[in-house]
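Right, one structure below, let's go through it.
The values are calculated or read from the model by the stated rules, or taken from the named source; none is laboratory data. Bear in mind that the values here come from a model prediction, so they are computed numbers and not experimental data. FYI the Cβ positions are ideal-geometry reconstructions off the backbone, even for glycines, and counts take in every protein chain you see.
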Amino acid sequence: MISPEQVPGHLTDLAPYLSLVCEAQVLDFSVRAGYGPWLKLRVENPESLVGLATGQRFHVLLVAIGDDEMPAAANPQDRKPYKLSQLAGMLCADEQFRHWITQSYGEPCHDKDQAAQWLREACGVESRSFLDSVDSAGETFRDIMRGFDEWKQQQEGGA
């Protein structure tokens, strides 16, 4: 494990492989129907964005900065847990989850809309938002997530 003091040096070493290194502040985070998780950032140095194009894809690494301007260690307890409806939205957007539905249940599931329809039917709800308030639907969804997780572990073990 590296210490917070070592992080800037490591980022410097990685610079040739990084498209963009700048300070940013989180302005908004939400999970939106049809879009999945959505993060809005304010970037300190707008010049660093020159040349970016809409739709361009990136791997993103976020390192929290403490009041002392040093990288802060991540604290998982500070994270707000996702609602079941948010997790459901993320799962439906996951190609691997849709493949699992097709393979495990024999239901053709080629896009996130088909996955959402399948999930609503499996959990007996009209909307994924009910997963947060209808106990039986939430428990069914948790069972589905457990089955998917077990399947993924088997896939990884067999690969």
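Which condition from (1) at pLDDT below 75; (2) surrounded by fewer than 10 Cβ atoms within 10 Å (Cβ to Cβ); (3) within 29 Å of Arg142 (Cβ to Cβ) is the one that Ala15 breaks?
For Ala15, the failing item is (3).
When the range 24-37 is examined, which residues are found to be at pLDDT 80 or above and either in a loop (DSSP other than H, G, I, E, B) or under 22 Å from Ile65 (Cβ atoms) (or both)?
Ala24, Gln25, Val26, Leu27, Asp28, Phe29, Pro37
Identify all residues within the range 38-52 that are over 30 Å from Ala116 (Cα atoms) and either charged (D, E, K, R) or in a loop (DSSP other than H, G, I, E, B) (or both); write none if there are none.
Arg42, Glu44, Asn45, Glu47, Val50, Gly51, Leu52
Cβ-Cβ below 8 Å, separation at least six or inter-chain, first residue in the range 132-154 and touching a residue at least 12 places away in the same chain (Cβ under 8 Å), second surrounded by 16 or more Cβ atoms within 10 Å (Cβ to Cβ) and polar (S, T, N, Q): which pairs?
Asp132/Ser85
Among the residues of the range 36-66, count how many are of a type in the set (Ser, Thr, Tyr) and surrounded by 11 or more Cβ atoms within 10 Å (Cβ to Cβ).
Number of matching residues: 1.
Residues in the range 58-66: is at least one more than 30 Å from Glu23 (Cα to Cα) and hydrophobic (A, V, I, L, M, F, W, C)?
Checked against the condition, which is being more than 30 Å from Glu23 (Cα to Cα) and hydrophobic (A, V, I, L, M, F, W, C), the range 58-66 yields no hits at all.
When the range 109-159 is examined, which residues are found to be among the β-branched types (Val, Ile, Thr) and under 17 Å from Phe97 (Cα atoms)?
If the condition is that a residue be among the β-branched types (Val, Ile, Thr) and under 17 Å from Phe97 (Cα atoms), then Thr140, Ile144 are the ones that fit.
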